[in-house]
Number of protein chains: 2
Amino acid sequence: MSNIDLKAIDTLRVLSIEQSTKAKSGHPGIALGAAPIIHTLYTKVMNINPAAPDWINRDRFILAAGHGSSLLYSVLHLSNYGLTIADLKDFRQYNSKTPGHPEIVLTKGVDATSGPLGQGIPAAVGMAIAEEFLRNKFNKDSLELINHYTYVLCGDGDLQEGVTAEAMSLAGHLGLSKLIVLYDSNDIQLDTEVSETNSENVKAKYEAMNWNHILVKDGEDIVAIEAAINKAKSSTKPTLIEVKTIIGRGTTVANTPKAHGSPLSSEEALSLRNLLGGEPFEVSSEVKEYYKQNVVLKGEKTYSTWVDVKNNYTYMFPHEAEEFKKVVDNDFHIDFENLVEFDNKYNKATRVSGGAILDALSKLHPTIMGGSADLASSTKAKGADGNFSSKNRLGRNINFGVREHAMAAISNGIALHKGIKVFCSGFFVFSDYMKPAMRLASIMELPVTYIFTHDSVAVGEDGATHQPIEQLSMLRSMPHFNVIRPADAFEALYAWKNAYNSKDTPTALILTRQDVPVISTKEDAKYLEKGAYVIRKEDKKVEGVILASGSEVSLAIEVSKELKRKGHDIRVVSMPSIYLYEKQSKEYKESVIPTNVKNIMAIEASEAVHYYKYLGSTGKLYNINKYGASAPGDIVMSNYGFNLQDIVSSYLEMVKDNRK
Amino acid sequence: MSNIDLKAIDTLRVLSIEQSTKAKSGHPGIALGAAPIIHTLYTKVMNINPAAPDWINRDRFILAAGHGSSLLYSVLHLSNYGLTIADLKDFRQYNSKTPGHPEIVLTKGVDATSGPLGQGIPAAVGMAIAEEFLRNKFNKDSLELINHYTYVLCGDGDLQEGVTAEAMSLAGHLGLSKLIVLYDSNDIQLDTEVSETNSENVKAKYEAMNWNHILVKDGEDIVAIEAAINKAKSSTKPTLIEVKTIIGRGTTVANTPKAHGSPLSSEEALSLRNLLGGEPFEVSSEVKEYYKQNVVLKGEKTYSTWVDVKNNYTYMFPHEAEEFKKVVDNDFHIDFENLVEFDNKYNKATRVSGGAILDALSKLHPTIMGGSADLASSTKAKGADGNFSSKNRLGRNINFGVREHAMAAISNGIALHKGIKVFCSGFFVFSDYMKPAMRLASIMELPVTYIFTHDSVAVGEDGATHQPIEQLSMLRSMPHFNVIRPADAFEALYAWKNAYNSKDTPTALILTRQDVPVISTKEDAKYLEKGAYVIRKEDKKVEGVILASGSEVSLAIEVSKELKRKGHDIRVVSMPSIYLYEKQSKEYKESVIPTNVKNIMAIEASEAVHYYKYLGSTGKLYNINKYGASAPGDIVMSNYGFNLQDIVSSYLEMVKDNRK
C-alpha cells in the first residue's frame, strides 16, 4: 500500500472515531476495520461524481451495515459531497446531516437509508435489477446511458437476516453480475463472536446460490481488495467478496464485541489521532489533495464523458433520448379519466379492476415494473413484457418467488435507483412479512406502490391465517404512508391515479378478492383524492353518518336504504384513505362528517381502530376484533356481523343509546 | 410397495381430493403428490398415540405446507384422531374442525397451525430445541422421558422464505439432529415452475448450512422414503430429505401450477375415486384395519411402554419426576410480590428492572428459556445457565443471531412443544421483523413473552430507523395479544407477572432504554392487571384526566403538578395495557376514566391511535405522527413535544376549546 493510501485510510479511521467519541455514541468497530474497503471503493473503483450526486449512471453504494455511518460520513467529507467538518462534529445531534444511521433524505451522497440489518443487500439487488433493465432498454451499441455497478458493504448481521437470504437467492437466479457485495468479515457481532451463532460454510453456501465468492484474507491489503473487485466484474454472476477484517482494529477492544457499539474514550481517540498527527477532526492537505484528484476531479471527468455520450445519443436517437429523460424524471402525465373504460355494470373484484388499470398503465409508461411473491395469478397484478430473467432483460414482471420481504426491500432499491415506477403485490395478510421494508420505504419517501389483494375475512375458505384483521391498522399507523382501500372499479382507478402520481409517499392499494358492485360514478370517485366523500347523501335532515371503506361501502349503502325505510335519514361516506382525508381543510371535513351529528358509525371488516377519531363519544365502531374463519367468504362476512340486519340493528341501538 | 400401502396411499389421495372438490376450494396438488410421504410417516415412522394426542414425548409433525390440510385431515381420520367422515365432508366450512389450513386450536392431532409459508420449519426448530433441552435435562440413562423426533413436510415455497433460511441456519449450527424435514420437491409453485424463480443447488446449500441432504428420486417409493428417514436418524445433523414428487399426480393438471390451488372437477374427482372403488368418502375396511394396527394399536403400545418408563422414573427419581410434571403442566406459582426487591429509589430503565425480574424467575422456574437476536447485552434479557449450544444442551440462553423473524417463529415451536416457558427479546422497532410469527402465536394462543426494549424516540442517537413510532399500534391492533408498557420497576414486576402467568395469550413487554423514576408503589402497581389505574388522584374535583403509559407516566404526573399550580385539578391514569383494560367491568372503567369528564388527554410517545376510543369528541391525543430523529434521547423527546411546557400548553388549549 502506498503511503498516501495508508494515510488516507487512517484519516477515515480517525475522523470516524472522533465523531463517535465526540457524540459519546456510535459504532467505532466497523470504521476501524472497514476503512480500507471504503477507501478502495471511493478512490479506485467507483464511477461517481460528488458534484452530481444524483447522476443516474453513477455506481451505487449501500452501506448495509448502516451503523458504520461515521465511516461513510468521513469518506463523503473527503470526497466533497457537501459534508463539512462541522457536520462531522455534529454527528448524531438533532437536525444534523450526520444522523446515527445514514439517511438518504438528509445527506447527499447517501444512496440508501440503512441501519435495520438485512435491508441493504435487497435494496442493492433492486438497484442492480433497475440497472440491467434500463441498460438493456436504452443503450445503443457504444452509446451507453446506463452501465454501472452496485456495491454493498455488509457485515455478519446482514447475512444472518432472512430477507438478505431471499434477495441473494433471487439475485443469483437472475444472474445480476453487476452486483458486488463486500462482506466485512470480522468474526464478531454485537453480542458474541460469530462462531457462537453461525457456522455456515460461506463460500459453499453462496456458490450454491449462484454467487461468486472471493476471499480477501487481509482486509488491510487494498491491492487485493481492488483485484477482487476487478475479478468480480469479469463474472456473469453476482459476487460476494469476503474481506477478513479486525473489528476495532488498533484499539484495546479490537477483536471483541465491545468494539461494536460503544464509542472509544477520549483518551483512546486521542491516541489514535496521535498516529496520524494534527488536531482532532483535522485532515492533512495531502489527503485532501489525494481525494480531490482521485474522487472529485476524476468524477467530474467521468461524468463529462458520460454527458458527451448522452449528447451523442440524443443526436442519434432523439426519440429514445426523450423517453430516457422522461423515465429518469418520472415525467409522465396519464389521463386516468380515460385510462380504462369501466361502466356501472363492472361488478368485479377490485383486484380485477386493479389489474386492468395496471395493464393499461404499463402500455403508457414503458418502465413500470414490478411483480409478486408467487401470487400474480391471484393478485392480477403482473408487469408487462414477460418475466424479467437472465434471458429476458426487458421483462417487466418480476417473479419474486415466495420471498415477500425481499420483494418489498428490492422494490425500495428499484425506486431508489430512479427510472422505474415500481409496484409489488401479494395477499394483504402477508404484508406482515413486508413491514420492515415498507417502513423503510416510508422513511426514505419512496413512491413504491403495494398492491394487496384478499383484503378481509371475505377471503373465505383459506381461513384465519389468510384473512387480514389488523393489517389496515398496522399500515395506517405508519407515518407518511398512504393506505387506499377503494370501494369499486372507479375508486380503484383513482386510487391507482394517486399511487401512480405520488412522488414521495409509498401507497398501499387494498383490494378485494370477491366481486363488488360499482356504486360510485367516475365523477364521484374523483373525490377519492380527498380521502373521503359523501357517496350517498341524506334525503333531508341527516340523522346519522355511516363511514365505510372498500367492500363495506356497498353494504353501508344497503344499510342506509333499509334505515330509510325505517324512517332514519342517513348519509354514507366512502372513506378510502384516512391518510388523504387528514390532509383536507377543516371546512371540507365538516362538509363530509358534520360535527353536530351524534350518530356516527364506522363499519369496516377489520380492526379499524383509526375510525375512533371520527366517532366522538356517541359514535360506534362496527369492526372485527378476533381472527377470521374458514368458510365461503360471504358466510364468514355474515357470521362476523357484516350483513344488513345486524348492522341495521346495531345502528338503531346506537341511536337509542344516544337518545337517553 | 405392498398392495395395502398402495391402497392406503390412494385412499389418502382420494379422500383429500374429495374434500376439496366438495368444498369447491382447496389444494389438490400436494395431496396427490405427497400422500406417500404422509403415509410413511404415520404408519411406519412416527411414535404417536392418537388416543393421547398431547403426549409430551410424541414425535411431532408439522405440515409446513399448510395448504395441504386435506391430506393431513385424511391421515388424521384414518389414524382415529377424532376427525370423522362428516368432518372431512365439512372441509373449509364455517365452524368445522377441518379449516382451510390446519389450526391447532380446532383439531386434535394438529401439532402447529400452518399456512403462512415459512413458519413451519422454524416452529419445528423450536420443538427440536425443546426436545434437546428437556431430554438432556430429565433423562436418566435408560429412563427416557423425552426422546422424540420432529418431522416437517414442506414445499418449495417454504424454502424460499427468509425466515426458513434463518431457522435452518441456526438449526444446522446447533446440530439439532432429531429434526427431519421432508421436502416435497415437485418443481412447481403457485405462479410458475420453480425454475422460473429459483436455481439454487439444494444439496450444496444445505450442506453448507450444516444439514444433511438426502435425495429420494421417486416420491412413490415409500421404502426409499423410510430408508432415508432411518439414515437421517443416524446423523449428528438435522436432515433435509428431498423427495421428488409430482404435483397433482394422476390428473389432467399434473405437473403444472394449475394443480396447486384449484379443486378438481367433480368428474375428475370421481374418476380418481374409480381407481379405488367404493363411494365418495368411503374407506375400505382393509385400509381402516391397516391404520388401526399400524397407527392406533401400535401407538397405544408405544405410549404404554413410555408410561412404564415414567413410572419407573418416578419411583427412582421422585424429585425429578415431580419437577418434570411441573414443567410439562407449566404448574409454577411464583410469589411475584417478593420476587425482586425494588424500592422507590430504583430509578433505572425498565429494561434493567425487566432483566432483574427475568433473572429471578429463571432461578425459580428451571425451564424458562429464551434469548435475543444478538441484542441480549442491550435488552438485558438473557436466559440462565449459559448459551444453548451443541456443547451445552442445558444452556437456557439462545443466541439467535441476527435472525429476529426466526427467533419469534422458533419461540412458537418451543411454546408448542410444552415444558418450557419461552421468551425472546429485541429492540422494539424490530418487532416489525417478527410480526408474521407473532400473529401466528396469537392465533395459536401461545403464551410467548416478547421483551421489547428501546421503546420510543427516547432511543436517541440511533435515529429514525431505530425508533419505534407505530409499533405499539401495530401490536395493539392484533386480536388476542397483550401489549404491556410498564411505567417503572413495580409496574414491570406486575407486567412480568401477567406475562408469566398467561396460559394462552402472547404478551409483549415494552420497556425503556432510558432510566425512569419509580412513581408507583408495589400496592398501586398491582392494578396493572386491570390494564389501567389512577396513579395520581385529583385533589377535589377532577377537571381533566391524563392517560399515559410507560415513560410518559412520570411526565404526566409532572404535568399534573404544574397544572395544579395553575389551578387545574387533574387525575393521572397509568394505562400500561389497553388489552387488559378492555376486559374490565363498566364500573371499573368508570372509576378510572369517568364519562362525565370532558378534558381527557392521552399522552404517549408513539402513534397511539388506540387512545382515541377514550377521548370522546372533546379529548386530545398527544402523540407522534412522524418518524424519529437522531440525537440524545432527552433532546429528541423534548423536540417532539414531550416536555412539561408543551404538554401543559396543549392541555390548557384543550380546556379553552372545550369551554367555548
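The values are calculated or read from the model by the stated rules, or taken from the named source; none is laboratory data. None of these values were measured; they are calculated from a predicted model. Cβ sites come from the backbone with ideal geometry, for glycine too, and all protein chains shown count toward neighbours.
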* Restricting attention to region B:172-208, and to residues there that are more than 8 Å from chain A (Cβ to nearest Cβ) and among the small types (Gly, Ala, Ser), which single residue is surrounded by the most Cβ atoms within 10 Å (Cβ to Cβ)? -> B:SER185
* Would you point out which residue out of B:ILE603, B:ILE624 is in contact (Cβ under 8 Å) with a residue 12 or more places away in the chain and more than 30 Å from the chain's Cα centre (by Cα)? => B:ILE603
* Asked: Hey, among A:ALA437, A:ALA441, A:ALA508, A:ALA458, which residue is within 14 Å of chain B (Cβ to nearest Cβ), surrounded by 24 or more Cβ atoms within 10 Å (Cβ to Cβ) and part of a strand (DSSP E or B)?
  -> A:ALA508
* How about region A:179-215: which of its residues are among the aliphatic types (A, V, I, L, M), over 28 Å from A:ALA130 (Cβ atoms) and touching a strand residue (DSSP E or B) at 6+ places or on another chain (Cβ under 6 Å)? -> A:LEU215
* Structure fact -> Subset of region A:621-640, residues closer than 24 Å to B:MET474 by Cβ and more than 9 Å from chain B (Cβ to nearest Cβ), comes to A:TYR622, A:ASN623, A:GLY628, A:TYR640
* Structure fact -> Considering region B:82-105, residues that are crowded, with 23+ Cβ neighbours inside 10 Å and within 19 Å of B:ASP54 (Cβ to Cβ), and then whichever is nearest to the other protein chains (Cβ to nearest Cβ), we arrive at B:GLU103
* Asked: Regarding A:VAL553, is this residue buried (at least 22 other Cβ atoms within 10 Å of the Cβ) and either part of a strand (DSSP E or B) or touching a Ser or Thr at 6+ places or on another chain (Cβ under 9 Å) (or both)?
  -> yes
* Structure fact -> Filtering region A:541-580 down to residues that are small (Gly, Ala, Ser) and either under 20 Å from A:PHE642 (Cβ atoms) or free of Cβ contacts under 8 Å to residues at least 24 places away in the same chain (or both) yields A:GLY544, A:ALA548, A:SER549, A:GLY550, A:SER551, A:SER554, A:ALA556, A:SER560, A:GLY567, A:SER574
* Out of B:GLU587, B:GLU607, sole residue that is surrounded by fewer than 21 Cβ atoms within 10 Å (Cβ to Cβ) and over 23 Å from A:GLU590 (Cβ atoms) -> B:GLU587
* Structure fact -> A:ARG249: passes all of (1) within 14 Å of chain B (Cβ to nearest Cβ); (2) buried (at least 17 other Cβ atoms within 10 Å of the Cβ) but (1)
* Structure fact -> Wholly inside region B:124-209, helices (runs of 4 or more DSSP H) that include 2 or more residues that are small (Gly, Ala, Ser), in contact (Cβ under 8 Å) with a residue 40 or more places away in the chain and not assigned by TED's automatic domain parsing to the domain that holds B:THR367 are B:162-174
* Asked: When A:GLY219 is evaluated against the numbered criteria (1) free of Cβ contacts under 8 Å to residues at least 24 places away in the same chain; (2) over 30 Å from the mean Cα position of the chain (by Cα), which criterion, by number, is the only one it fails?
  -> (1)
* To do: Report, by residue number, each residue of region A:572-620 that is of a type in the set (Lys, Arg) and within 9 Å of another protein chain (Cβ to nearest Cβ).
  => A:LYS613
* Just checking, which of A:SER169, A:SER142, A:SER114 is away from every other protein chain (no Cβ under 12 Å) and not aromatic (Phe, Trp, Tyr)? -> A:SER142
* Asked: Could you list, in sequence order, the residues of region B:391-414 that are surrounded by fewer than 24 Cβ atoms within 10 Å (Cβ to Cβ) and more than 13 Å from B:PHE133 (Cβ to Cβ)?
  -> B:LYS391
* Subset tally (residues that are in contact (Cβ under 8 Å) with a residue 40 or more places away in the chain and under 18 Å from the mean Cα position of the chain (by Cα)) for region A:96-108 -> 3
* Structure fact -> Residue hits (region B:462-484; at the interface with chain A (Cβ under 7 Å from one of its Cβ atoms), outside any helix (DSSP H, G or I) and crowded, with 24+ Cβ neighbours inside 10 Å) are B:ASP462, B:GLY463, B:ILE469, B:GLU470, B:SER477, B:MET478
* Which numbered condition B:ASN596 fails, given (1) surrounded by fewer than 17 Cβ atoms within 10 Å (Cβ to Cβ); (2) within 23 Å of B:ALA499 (Cα to Cα); (3) without any contact (Cβ under 8 Å) to a residue 12 or more places away in the chain -> (2)
* May I ask you to list the residues in region A:159-177 that are in contact with a helix residue (DSSP H, G or I) (Cβ under 6 Å, 6 or more places away or on another chain) and either of a type in the set (Gly, Ala, Ser) or more than 22 Å from B:VAL202 (Cα to Cα) (or both)? => A:GLY162, A:ALA165, A:ALA167, A:ALA171
* **Residue within region B:31-46 that is within 14 Å of chain A (Cβ to nearest Cβ) and either closer than 19 Å to B:ILE247 by Cβ or at pLDDT 95 or above (or both) present** => no
* Asked: Do you know which residues across region A:380-407 are within 11 Å of another protein chain (Cβ to nearest Cβ), farther than 13 Å from A:SER169 by Cβ, touching a residue at least 40 places away in the same chain (Cβ under 8 Å) and out of contact with any Leu (no Cβ under 8 Å at 6 or more places or on another chain)?
  -> A:ILE398
* Structure fact -> Of the conditions (1) surrounded by 24 or more Cβ atoms within 10 Å (Cβ to Cβ); (2) closer than 21 Å to A:GLU200 by Cβ, the single one that B:ASN387 does not satisfy is (1)
* Would you be able to say whether some residue in region A:58-68 is on the phi < 0 side of the Ramachandran plot, part of a helix (DSSP H, G or I) and away from chain B (no Cβ under 11 Å)? => yes
* B:MET46 is checked against (1) free of Cβ contacts under 8 Å to residues at least 60 places away in the same chain; (2) surrounded by fewer than 23 Cβ atoms within 10 Å (Cβ to Cβ) and fails just one. What number does that condition carry? -> (1)
* Asked: Taking the stated definitions as given, is B:ASN212 within 9 Å of chain A (Cβ to nearest Cβ) and crowded, with 19+ Cβ neighbours inside 10 Å?
  -> no
* Asked: Can you name the number of the only condition in (1) more than 14 Å from chain B (Cβ to nearest Cβ); (2) among the small types (Gly, Ala, Ser); (3) under 23 Å from A:GLY120 (Cβ atoms) that A:ALA8 fails?
  -> (3)
